[in-house]
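Notes follow once the structure below has been shown.
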Amino acid sequence: MYDRPRMEEALDVLRAELEVGRSTTTEVTTRAAWLAFTRFARQRFATALTPDSDGLLFQHGTYAFSGRPMFTVDLTRQFDISDSEGEHEHYVQVHCELRYECEPVLDALGSFDSWFFHDANGDLDEWFAAVERHLELLLARRPSEIDVYEEPV
């Protein structure tokens, strides 16, 4: 566990993955963001060895978080933060939000979410494959907006 990056470095690691192979003149496609997130998701961080300490969340839907409705794909990594006695204190989430202008074909996808937790005996590649099926309509598109940020929850 000690040779793994600290959870506090996760946002920088995700940002670095988003820059891999990108030139200063190219915009990030959904496929590039997804591949960056999968590389980020494979990297393990110094977390407690409990089934819910390091989770991945994929969710999408049409929301108006930024003021106007947009179809949003949220690729999230969630870390459990414990106090000095090892008790759950809160979570920290690192997000890569991809937003698209609303159009009927995207709105028809509705809302969806799926979790994966490292150390819970799931198959990460199977989860990636299942998520990618939900991204098929978007992989070749360029999002209108991308927001990469961290928040406590």
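The values are calculated or read from the model by the stated rules, or taken from the named source; none is laboratory data. Source: prediction; values computed, not measured. Here Cβ is always computed from backbone atoms with ideal geometry, including for glycine, and neighbour counts include all displayed protein chains.
I'm told S53 meets every condition in (1) buried (at least 17 other Cβ atoms within 10 Å of the Cβ); (2) touching a Cys at 6+ places or on another chain (Cβ under 9 Å) except one. Can you identify the failing condition by its number?
So the condition that S53 fails would be (2).
Return the pair list, or none, for Cβ contacts closer than 6 Å from residues in region 127-145 that are acidic (D, E) to residues that are surrounded by 14 or more Cβ atoms within 10 Å (Cβ to Cβ), at least 6 apart or on different chains.
Short answer, once both residue conditions are applied: E145/R99.
T76 fails exactly one of the following numbered conditions: (1) of a type outside the set (G, A, S); (2) out of contact with any strand residue (DSSP E or B) (no Cβ under 6 Å at 6 or more places or on another chain); (3) surrounded by 15 or more Cβ atoms within 10 Å (Cβ to Cβ). What is the number of that condition?
Here T76 meets the rest and fails (2).
Checking D74 against (1) out of contact with any Pro (no Cβ under 9 Å at 6 or more places or on another chain); (2) in a helix (DSSP H, G or I); (3) modelled with pLDDT of 95 or more; (4) closer than 19 Å to E151 by Cβ, only one condition comes out false. Which one?
The failed condition is (2).
Checking D119 against (1) at pLDDT below 95; (2) surrounded by 14 or more Cβ atoms within 10 Å (Cβ to Cβ); (3) farther than 28 Å from I81 by Cβ, which test does it fail?
Among (1) at pLDDT below 95; (2) surrounded by 14 or more Cβ atoms within 10 Å (Cβ to Cβ); (3) farther than 28 Å from I81 by Cβ, the lone unmet condition for D119 is (3).
Contact list please: Cβ distance under 6 Å, first residue in region 41-62 and in a loop (DSSP other than H, G, I, E, B), second residue surrounded by fewer than 17 Cβ atoms within 10 Å (Cβ to Cβ) and among the basic types (K, R), pairs at least six apart or on different chains.
R44/R4; F45/R4; A46/R4; A46/R6
If I ask for residues that are touching a residue at least 12 places away in the same chain (Cβ under 8 Å), under 23 Å from D52 (Cα atoms) and touching a strand residue (DSSP E or B) at 6+ places or on another chain (Cβ under 8 Å), which ones from region 109-126 would you list?
Across region 109-126, the qualifying residues are F112, D113, S114, W115, F116, F117, H118, D119, L124.
For residues that are within 18 Å of A41 (Cα to Cα) and surrounded by fewer than 14 Cβ atoms within 10 Å (Cβ to Cβ), tally how many sit in region 125-153.
7
Going through region 63-108 one residue at a time, which ones are of a type in the set (S, T, Y), free of Cβ contacts under 8 Å to residues at least 12 places away in the same chain and more than 25 Å from A32 (Cα to Cα)?
Correct list: S84 only.
What tally of residues in region 122-143 results from selecting those that are assigned to a loop (DSSP other than H, G, I, E, B) and either under 20 Å from G61 (Cβ atoms) or modelled with pLDDT of 95 or more (or both)?
Adding up the residues that qualify gives 8.
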